[in-house]
């Protein structure tokens, strides 16, 4: 969280509380949905939500109604699929807590959204009414149910996660975890088919990984005794264990191979100060005296202007012959920043279509107020290039603005998500429109394939070689 | 990694907009206006700063200082760090030209930077101050208070506090940390804009800012108390404190850790960033003065983290009815901008409370005068709560 973001957010804390309406009574909310509106709304702009309160079945209901009102598929989906997923997760959580009950059976659903919710809620309350008076258990059950309802959409950008308090002793810029990045990301479980062996360290940021002497290129052969791949399939839970989040604090044991020798290290998750260069969102340098290299870690606020300023700065006093824009690991951000940056490479073009379920579409366009950069462009992409990053990559490809080098992108671009504030001051994000690239192809789940496939390799990481960048420079020379 | 668009808690430039627009849009209960009416302007008139309680009259002047020992941290191509500083001090002058609040161009860039429309862009520059421009200072060996404003805010936005302290016999140095606000004008007319605004959502940004400001403060102290100082003997170099709002307050903690000359500090509602050494702690006096969001157990945990590491005199005061900007001049512009003062505490009252408590702290720690006001809740200021880790009273 950004520094003065916090301070400034605090400024309006109680204003927001004063402004946030209470959840309307249930019956009213259902009627409201039938009338085409919903119990949820965008959080007031520029403010922090008030203090988070526990998830209750009423909050789950609000999320259900919110999805039906605002999600892309809300008008057409069989709402029973959401309730079924929610109830399944509810029973699993009951079982996990050692409280499974004979009453925990799925009620009959007839297909009427309001009546089905009422039946679902009655069944839910009947079960929870028989549980011990344990606030933590109730919260866990409701949260698991809500998470499952949202996950049932199968939409990467439909998300709900309660906010987390930072670990004690946290300072702005600190990270929590083992202090490493690997060739597989924590979310690999969402799209396990993309994972290829071997699993290896790509960066050491600090913390336990640094203390244990790990280095890029180290191959991870096991995680807490689990192989990262079994029968060629990734072991998602083992990969997730590499990226613990506070308060997860159990040490993680890794078997690591380097140059034929193997050793075991035990890494304790904790706060660490990452190497500032590794986490800086925008970095720039000149390569071979005449190629500008700019790495952009995300399409956050001002991202486009920062990249354009860096290019201008590198250009001062020298003639550039090309530009490498490194978007590997760029997790996305604002489509406005994408359109603005694209304005440096094309004018008067459509960059995306945003289409509703009824087939009507809006268009997004290049920001033509940006002067054209006028340099041959190579963009580096990988599986970590997601969402807004893929928006950018797809336009470069479809409009032939440059060459893509690296590996296929994440395929995580259902459509731009919007936030909705729930009654317990948590935020649900939902896309209401589907994103299509300029050629009207779907990016979500598919990703954007590079022109030149240059996969990362453990031996390159160990040697500090960047094969994709080398290819980019060759192309610009060619 | 979250692929969805992340909503930022508070984009830069939203501060005043958020405060003013929201206050209007949400129809929060109207604060009592009777107190504010005595010193706030009419909706159409220029803003007026409440007259300080005295006993001294106040003079003010500006300094242009250039630190050639380091490049500008925000524009590394510029090989020196240039700063504009305003000094406020007691004077015996009885007449004089009122000191300008800020230039018309600075007012325009500040309002535009905060996306405030519908008022004349020179509005802030017409604010009436209580200091005589360029008057001769009076006194010797006076204690010095460094003021550091919030991010994007020019130093002028702490003028009400500065005049109050100068009238009480302090020399006050308000620093514009160049490129960390929307407009700083140098004597040759160049205007530095908010370069730091480009990176204000980066991880570690707050940490960088407080480090930059600590260096700015050490340099300014060198110039104000060193051999080249403009008025020899005016300042007692053993009696220096720092007071700031928001990231300026966080910078007070950073400056104390970096420079032993800063003997005491006040952080007005600023989330803190500097790492206080766990082993030694920070033994010099520190006052946290916050709004509701900075209560123990609130959303920002930085004061709780630091509280445990403060080993000297310390207080944690909270005004639940205050707003992030209540400790600055911003609420005084509420009427001028046609919006209500945020937070429920009337503008004149928040100025009085800020002046009173900050002065009490400085009198206690730079002048060694006992201040019972700081030791327990006061019936004169029932708005102010005394807090500790467990809660507030």
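The values are calculated or read from the model by the stated rules, or taken from the named source; none is laboratory data. Computed from a predicted model, the values in this text were never measured in an experiment. With ideal geometry, Cβ positions are generated from the backbone for all residues, glycine too; neighbour counts draw on all protein chains shown.
All of (1) out of contact with any strand residue (DSSP E or B) (no Cβ under 8 Å at 6 or more places or on another chain); (2) more than 11 Å from chain B (Cβ to nearest Cβ); (3) under 25 Å from residue A:407 (Cα atoms); (4) without any contact (Cβ under 8 Å) to a residue 40 or more places away in the chain hold for residue A:294 with one exception: (1). Filtering segment A:338-373 to residues that are farther than 13 Å from residue A:393 by Cα and within 14 Å of another protein chain (Cβ to nearest Cβ) leaves A:340, A:354, A:364. Restricted to segment A:48-70, and to residues there that are crowded, with 23+ Cβ neighbours inside 10 Å and assigned to a loop (DSSP other than H, G, I, E, B), the residue that is modelled with the highest pLDDT is A:55.
How about segment A:434-447: which of its residues are within 14 Å of another protein chain (Cβ to nearest Cβ) and buried (at least 20 other Cβ atoms within 10 Å of the Cβ)? Within segment A:434-447, A:435, A:443, A:444, A:447 meet the criteria. Only one of the listed residues (A:291, A:252, A:286) is surrounded by fewer than 20 Cβ atoms within 10 Å (Cβ to Cβ) and at pLDDT 95 or above. That residue is A:286.
Residue count for segment B:299-337 under the criterion of being assigned to a helix (DSSP H, G or I) and either away from chain A (no Cβ under 11 Å) or modelled with pLDDT of 90 or more (or both): the result is 12.
Listed conditions (1) in a strand (DSSP E or B); (2) out of contact with any strand residue (DSSP E or B) (no Cβ under 7 Å at 6 or more places or on another chain) are all met by residue B:95, apart from (1).
Among the residues of segment A:260-283, those that are part of a strand (DSSP E or B) and within 12 Å of chain B (Cβ to nearest Cβ) comprise A:271, A:282, A:283. With respect to being more than 20 Å from residue A:190 (Cβ to Cβ) and in contact with a helix residue (DSSP H, G or I) (Cβ under 7 Å, 6 or more places away or on another chain), residue A:96 falls outside the description. The residues of segment A:187-202 that are surrounded by fewer than 18 Cβ atoms within 10 Å (Cβ to Cβ) and either touching a helix residue (DSSP H, G or I) at 6+ places or on another chain (Cβ under 8 Å) or more than 14 Å from chain B (Cβ to nearest Cβ) (or both), listed by number, are A:189, A:192, A:193, A:194, A:196, A:197, A:198. The set of residues from segment A:299-329 being assigned to a loop (DSSP other than H, G, I, E, B), free of Cβ contacts under 8 Å to residues at least 60 places away in the same chain and either more than 9 Å from every other protein chain (Cβ to nearest Cβ) or at negative phi (or both) comprises A:300, A:301, A:316, A:317, A:318, A:319, A:320.
Matching residues to (1) without any contact (Cβ under 8 Å) to a residue 40 or more places away in the chain; (2) under 28 Å from the mean Cα position of the chain (by Cα); (3) part of a loop (DSSP other than H, G, I, E, B):
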residue	(1), (2), (3)
A:115	yes, no, no
A:119	yes, no, no
A:122	yes, no, no
A:125	no, no, no
A:142	no, yes, no
A:146	no, yes, no
A:150	no, yes, no
A:153	no, yes, yes
A:156	no, yes, yes
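For segment A:390-428, a tally of residues being closer than 21 Å to residue A:355 by Cα and out of contact with any strand residue (DSSP E or B) (no Cβ under 7 Å at 6 or more places or on another chain) returns 8. When the residues of segment A:169-184 are filtered to those that are assigned to a loop (DSSP other than H, G, I, E, B), over 15 Å from residue A:238 (Cβ atoms) and in contact with a strand residue (DSSP E or B) (Cβ under 9 Å, 6 or more places away or on another chain), the one that is farthest from the other protein chains (Cβ to nearest Cβ) is A:179. Which members of segment A:412-423 meet the condition of being touching a helix residue (DSSP H, G or I) at 6+ places or on another chain (Cβ under 8 Å), surrounded by 23 or more Cβ atoms within 10 Å (Cβ to Cβ), more than 7 Å from chain B (Cβ to nearest Cβ) and not in a strand (DSSP E or B)? Within segment A:412-423, A:413, A:422 qualify.
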